Amino acid sequence: RLSAKVVGSDLETDLAVLKVERDDLPAITFGALDAVRVGDVVLAIGNPFGVGQTVTMGIVSALGRTGLGISTYENFIQTDAAINQGNSGGALVDSNGHLVGINTAIFSRTGGSIGIGFAIPSALVVQVMDQLIKAGKVVRGYFGVEPEDLTPELAEVLKLQQNEGVVLKGVQRTSPAGRAGLEPGDVMLTINGQPVKNSRSMLNQISQLPPGTPARVKVAREGREVE
């Protein structure tokens, strides 16, 4: 049992970094998120209901889960490895023992596992961890727009060819987006060449941009593409 110092915490992702003073501590190896596939075997480690360290096995059910209302920046790994109360903060590891996620929440009507658990992916963990260690806080990019997911019905009303993207319901005039010339009604297509699929993914893309750096944005406006 060791005393720990809080290096920093991030409410938006429900992550924190703690520091303990001790030599020769074992450390887990981080796995690459782009190596994780749906169907891969994963193990969830934790202390459910206080019974003691427990390991459960399952598979990756889905990647990039968003819209769950758990945190502001969502990009969860979904797994059917049993996650219960007390598993939060525990490791989700692959078959090699590499960290692919941190268990954070479950969907349940009973309070127990029904095979729908969620973990914060290791790539997001590393990103937040590095910033907390360097600065004690997480700094995120900001555009200043009010987004709405593009639906087939909305695409028909706006006379658009594509069904993927994000409609800008509002743009703050004094924000970076407003000063760059974005307008309400624009449909965001790409940010720095990366496709914008929905408002949640767009929020994650924007948050990873270092503040003060330029970003190339492609939008659909009145039937034509504008960059």
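The values are calculated or read from the model by the stated rules, or taken from the named source; none is laboratory data. None of the values given here were measured: they were computed from a predicted structure. Please note: Cβ atoms are built from the backbone with ideal geometry, for glycine as well, and neighbour counts cover all protein chains shown. Ligands, DNA and RNA are excluded from the accessible area calculation, which covers all protein heavy atoms including side chains. Shrake-Rupley method; radii C 1.70, N 1.55, O 1.52, S 1.80 Å.
Kindly provide the set of residues from the range 1-52 that are part of a strand (DSSP E or B) and either open to solvent by 90 Å² or more (accessible area, probe 1.4 Å) or of a type in the set (F, W, Y) (or both), ordered by number. Within the range 1-52, K5, V6, L18, K19, F30 qualify.
Of all residues in the range 176-227, count the ones that are hydrophobic (A, V, I, L, M, F, W, C) and assigned to a strand (DSSP E or B).
Filtering the range 176-227 for residues hydrophobic (A, V, I, L, M, F, W, C) gives 177, 180, 182, 187-189, 191, 196, 202-203, 206, 209, 215, 217, 219-220, 226.
Cutting the leftovers down to assigned to a strand (DSSP E or B) gives us 187-189, 191, 217, 219-220, 226.
Residues meeting the conditions: 8.
Filtering the range 78-114 to residues that are assigned to a loop (DSSP other than H, G, I, E, B), polar (S, T, N, Q) and crowded, with 21+ Cβ neighbours inside 10 Å leaves N84, N87, S113. Could you list, in sequence order, all residues of the range 146-181 that are within 18 Å of G212 (Cβ to Cβ) and among the aliphatic types (A, V, I, L, M)? Hits for the range 146-181 are A177, A180. Summed over the range 68-77, the residues that are touching an Asp or Glu at 6+ places or on another chain (Cβ under 8 Å) and open to solvent by less than 30 Å² (accessible area, probe 1.4 Å) give a count of 1.
Reported count of residues in the range 115-145, each being closer than 30 Å to G170 by Cβ and either β-branched (V, I, T) or surrounded by fewer than 14 Cβ atoms within 10 Å (Cβ to Cβ) (or both), is 6.
Working only within the range 5-40, note down all residues that are farther than 18 Å from V126 by Cβ and either within 21 Å of the chain's Cα centre (by Cα) or in contact (Cβ under 8 Å) with a residue 60 or more places away in the chain (or both). Full working, then the answer.
At the first step, the residues of the range 5-40 found to be farther than 18 Å from V126 by Cβ are 5-6, 11, 20-26, 37-40.
Those that are farther than 18 Å from V126 by Cβ and either within 21 Å of the chain's Cα centre (by Cα) or in contact (Cβ under 8 Å) with a residue 60 or more places away in the chain (or both): L11, R37, V38, G39, D40.
Tell me, yes or no, whether the range 178-195 has at least one residue that is more than 26 Å from the chain's Cα centre (by Cα), within 17 Å of G141 (Cα to Cα) and open to solvent by 70 Å² or more (accessible area, probe 1.4 Å). Taking every residue of the range 178-195 in turn, at least one turns out to be more than 26 Å from the chain's Cα centre (by Cα), within 17 Å of G141 (Cα to Cα) and open to solvent by 70 Å² or more (accessible area, probe 1.4 Å). The set of residues from the range 39-61 being of a type in the set (A, V, I, L, M) and over 17 Å from G97 (Cα atoms) comprises just one member, V51.
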